[in-house]
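Notes for the one structure printed next.
The values are calculated or read from the model by the stated rules, or taken from the named source; none is laboratory data. These figures come from a predicted structure and were not determined experimentally. As a convention, Cβ positions derive from the backbone with ideal geometry for all residues, glycine included, and neighbour counts pool all protein chains shown.
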């Protein structure tokens, strides 16, 4: 394992668990890439697999999806006539995961699968109730089945964390994203499952040292630029079929607004994005075309 990409949703993208894992792996000479994007799911990941992941020539790809695939709102109290929709979501997840797996293996990469993390159904006083662990359990079971069938490692976040929800494993008020402290057991489980450590460290989460924090922060800033269509404009992406021309127009609008507010961070995001697109438009279109053809979607 020399070059490894982590493909996932916001729990990957925003994950302090990855900062801890990356620290450990870098010391062993392993190059790591965070290819998670907020709001992503297994189906949408198919269309960005080459541009965001495989073009980095990884020898190993780690995948964790499910939280945005399950259809969390379908499990809210009072919903009726949703069983068919729940089933459709589960089957769509399985189909998309198998497409991703086929494409990753065709590229000659090794594979590591992760089950999704659980949501918090137990802490009282929920502002945003979340009751989808029933569906996430089925998704987790399907991931284990795929890993067993393919004889590849499986990091079982769901089974390990579920009994710890509300105590050792806490989420933000959205009941989905783990708190910074709760990323520590995730990192430890990943490292132990893959054989990088012999025993899990039971100590509470400790802040990263200055150097590691600076590296993590720099990586996050770079990701805002590289994955800007997902990290900053994914609401627009999910609400309509946005073309590259649409994204450029939206970025130009937001850049103008940022300049009016003198928001240097957003000025940096959108100006860099527009420069990248201007230089790589033909290349990216070709890669996306190839992805769609191979995925047959």
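Criterion applied to 33, 17 was being under 20 Å from residue 196 (Cβ atoms) and free of Cβ contacts under 8 Å to residues at least 40 places away in the same chain, and the one residue passing it is 33.
Looking for something assigned to a helix (DSSP H, G or I), buried (at least 20 other Cβ atoms within 10 Å of the Cβ) and in contact (Cβ under 8 Å) with a residue 60 or more places away in the chain - is there at least one such residue anywhere in segment 117-130? No, segment 117-130 contains no residue that is assigned to a helix (DSSP H, G or I), buried (at least 20 other Cβ atoms within 10 Å of the Cβ) and in contact (Cβ under 8 Å) with a residue 60 or more places away in the chain.
In segment 137-172, the qualifying residues are those that are modelled with pLDDT of 95 or more and in a strand (DSSP E or B), and the one that is surrounded by the most Cβ atoms within 10 Å (Cβ to Cβ) is 155. Figure legend. Inter-residue proximity from segment 62-85: first residues outside the structural domain of residue 190 (by TED's automatic domain parsing), second residues at pLDDT 90 or above and buried (at least 16 other Cβ atoms within 10 Å of the Cβ), beta-carbon distance below 6 Å, spacing 6+ or different chains. No pairs are indicated.
Filtering segment 5-24 to residues that are over 14 Å from the mean Cα position of the chain (by Cα) and more than 20 Å from residue 171 (Cβ to Cβ) leaves 22, 23, 24. Residue 34 fulfils the conditions (1) more than 30 Å from residue 191 (Cβ to Cβ); (2) at pLDDT below 90 except for a single criterion, (1). Across segment 173-187, the number of residues qualifying as surrounded by 21 or more Cβ atoms within 10 Å (Cβ to Cβ), out of contact with any strand residue (DSSP E or B) (no Cβ under 6 Å at 6 or more places or on another chain) and assigned to a helix (DSSP H, G or I) comes to 5.
Each residue in segment 61-90 was checked for being surrounded by fewer than 20 Cβ atoms within 10 Å (Cβ to Cβ) and either in a loop (DSSP other than H, G, I, E, B) or touching a strand residue (DSSP E or B) at 6+ places or on another chain (Cβ under 8 Å) (or both), and 8 of them qualify.
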